[in-house]
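Bear in mind these aren't lab numbers, they're just calculated from the coordinates by the rules spelled out. As the structure is a prediction and not an experimental result, all values here were calculated from the model. Using ideal geometry, Cβ is built from the backbone for each residue, glycine included, and neighbour counts are taken over all protein chains shown.
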Amino acid sequence: MTVKFTEASKDKRALEEGEAFTPRFDANGLVTAVVTDAADGMLLMVAHMNAEALALTIETGIAHYWSRSRGSLWKKGETSGNFQHVVEMRTDCDQDAVWLRVKVSGHDATCHTGRRSCFYRTVGQKDGVATLGTDGSAPLFDADAIYRKKP
């Protein structure tokens, strides 16, 4: 069975208060997906989903996304083993973004750098110039070994 979405309602009240999930995809056919850890609420990543990724996520309970850089569908964890099992999915008031609360299997890492969260970099400034630092988190697995391109 494939989950299908009806066209987003033009009726604001139906969109904001109705029972129909009618995601509002942007001009590129995507909705933003905010992903947090279901247990402690840590922000893990922000990604995008097209209709197929969103439907597969609902159907399987495993997060799927659309990679804008690769132009392809991707099942999170398929290469690394760090699958995101969806505990709860919510949508915002105008249905153009989703929030996934997930439990990560494997190394409990979400980022392709091997870290738990993609948000390990801190933004600051020194002498009026924007700088980047780190929150001190270390990789939980060897990302080079997992993602090394095979000949």
Worksheet item: Quick one: S69, S117, fewest Cβ neighbours within 10 Å first, how do they rank?
Response: S69, S117
Practice prompt. Could you tally up the Lys pairs in the chain with alpha carbons closer than 28 Å? Skip any pair fewer than 8 positions apart unless they're on separate chains.
Written response: 11
Worksheet, complete the sentence: Listed with the fewest Cβ neighbours within 10 Å leading, R13, R24, R121 appear as R13, R121, R24
Discussion item. Between the range 1-36 and the range 88-151, what is the separation of their alpha carbon centroids in Å?
Written reply: 25
Item to complete: Could you line up L140, L132, L56 from fewest to most neighbouring Cβ atoms inside 10 Å?
Response: L132, L140, L56
Worksheet item: Among bridges DSSP assigns within the chain, what percent are antiparallel (round to 5)?
Response: 80
Discussion item. Spelling out what I want: for every residue of the range 13-26, take phi, set θ = phi - 60°, compute 6.51 cos²θ - 1.76 cosθ + 1.60 (Karplus), and round to whole Hz; glycine and proline get x.
Written reply: 5, 5, 5, 8, 10, x, 8, 7, 7, 10, x, 9, 6, 6
Item to complete: May I ask which residue of C111, T36, A53 lies farthest towards the positive end of the charge dipole of the chain, with charges of +1 (Lys, Arg) and -1 (Asp, Glu) on Cβ and the Cα centre as origin?
Response: C111
